[in-house]
1. Rounded to the nearest 500 deg cm²/dmol, what is the calculated helix-only ellipticity per residue at 222 nm for the chain, with -39500 (n - 2.57) per DSSP H run of length n ≥ 4?
2. Under 13 Å from the Cβ of Glu372, count the other residues' Cβ atoms, weight Lys and Arg +1, Asp and Glu -1, and hand me the total.
3. Identify, among Thr116, Ile76, Ala106, the residue whose Cα sits farthest towards the positive end of the charge dipole of the stretch 51-138, taking +1 on the Cβ of Lys and Arg and -1 on the Cβ of Asp and Glu, with the dipole about the Cα centre.
4. Could you please report the charge total around Gly280, scoring K, R as +1 and D, E as -1 over all other residues with beta-carbon less than 13 angstrom from its beta-carbon?
5. Let me check I've understood the local charge: for His217, count other residues with C-beta under 9 angstrom from its C-beta, Lys and Arg +1, Asp and Glu -1. What total comes out?
6. Given all pairs of different Cα atoms, what value in angstroms does the Kirkwood hydrodynamic radius of the stretch 51-138 take?
7. Please work out the FRET efficiency for the pair Ile191 and Ala21, using the Cβ-Cβ distance as r and a Förster radius of 41 Å; give the result to the nearest 0.05.
8. Nearest 20 debye, what's the magnitude of the dipole of the stretch 326-388 about its Cα centre given +1 on Lys and Arg Cβ and -1 on Asp and Glu Cβ?
Amino acid sequence: MTRRPLADHQAAVAAHLAGLAGTETVPVRVALDRTTSAPVRAPYSLPLFDNSAMDGFAVRAAEVSPGADLEVGGRIFAGDTTRPVLRAGTAMAIMTGAPLPAGADAVIPVEASHETAGSGQQSTVRFDAAPEPGAFIRSAGDDVAAGEVVIAAGTRLAPRHLGALAAAGVETIEVHRRPAVAIISTGSELIRAGATPQAGQVFESNSLVLQSLSTKHGARVTFIGSAGDDGDFATILTAACQDADLVLTSGGISMGEREPVRQTLAEHGWFGPVAMQPGGPQGLATWKQTPVCCLPGNPVSIVVSFEVLLRDVLRGIAGLPPVASNRAVLAHDITSVPGKTQFLRGVSEPDGSVRPLGGPGSHLAVTAAAAELLIEIDADTTELPAGTEVTTWPLT
């Protein structure tokens, strides 16, 4: 059977999932790690009004002389909603964040002042030095003016971004959609962690790997299920499609007698070998108007298939940039099987070179966990001596 070139299958996956892209409006309070699809503009200036940066006294700078007394004409607190007027020849006590009185052009910190109580409620204040106009005043719009961009399009929202949006009075924002992903592992031999394995049984791990990778790269997982090889896959797939934009399956797509994914979906899509290793068996189908990406069942193949075929597609849908490749030199000679793009698990050496890690088996899950990167070897390459520069991809 002719192998589909890797680049062709990558393009087919991208086309298969192209309809998932879109935007939605969400409250700022639940927007952590979402990516903005449009610039977010401030509905108000920030600060909203001229206010004091210190606890102290609001004054007209020209009226202050060291050693001279000014009458304290009132007190202003944070949260006061009326803006008083500073009478000529007076000062007003003011707290941090309180609105600056009309007529004031400076604030003198309380540490540089000496207030003396007079008869009744009246008091006077003396200052150590005259202030510069504008001292310790936060002017309206100093941070951002109404209508200016608070957060640029394409920003993945961190806590600091959410704080800025909330401070600017933004309640909702437009973000890229996070596709809802359902995951189905197949195989009658699979058991869950915590069970006691019998002969012929293996612990199921692919759903956790796919859940973690999907979530990390911009999707949200809405369904996790498993199916044996005895014919219940179609029922489980139908249930998975109810709330999902995309279904990912693992296993059941090779050439054996019991391949439930392939046997159920063969008339609804494409199945065949892709010129890559690990991860050669692949499938793309549609079920109940929902795209299905069918991946092989071996643990290492699952990781490589996701990283090579799905990772950047999901990131693009979620508004995230693709993961960047790197260049490094080989620490040792390596050989490669012709006709397939090889993705060797590898690690970096202290000198920056890279070397393969472990054997070629696609079942070596624990060995593969020690890898840091994938070393990409072109399909037409069979031998590479030490010192050859190669493309590497970080394992995410």
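Derivation of every value follows stated rules applied to the coordinates shown; laboratory data play no part. These numbers come from a predicted model, not from an experiment. Using ideal geometry, Cβ is built from the backbone for each residue, glycine included, and neighbour counts are taken over all protein chains shown.
1. Working: 8 runs with 64 residues, N = 396.
Roughly -4500 deg cm²/dmol at 222 nm, from the helical runs in the chain.
2. Values: positive: Arg345, Arg355; negative: Glu307, Glu349.
Around Glu372, the surrounding residues sum to 0.
3. Most positive-ward Cα: Ile76.
4. Values: positive: Arg3, Arg4, Lys340; negative: none.
So the surrounding residues net to +3.
5. Details: positive: Lys216, Arg311, Arg315; negative: Asp312.
Summing Lys/Arg as +1 and Asp/Glu as -1 gives +2.
6. On the way: mean 1/r = 0.0804 Å⁻¹.
In the stretch 51-138 this quantity evaluates to 12.4 Å.
7. Details: r = 37 Å, r/R0 = 0.91.
For R0 = 41 Å, the calculated efficiency reads 0.65.
8. Numbers: 4 positive and 8 negative charges, 38 e Å.
Dipole size: approximately 180 debye.
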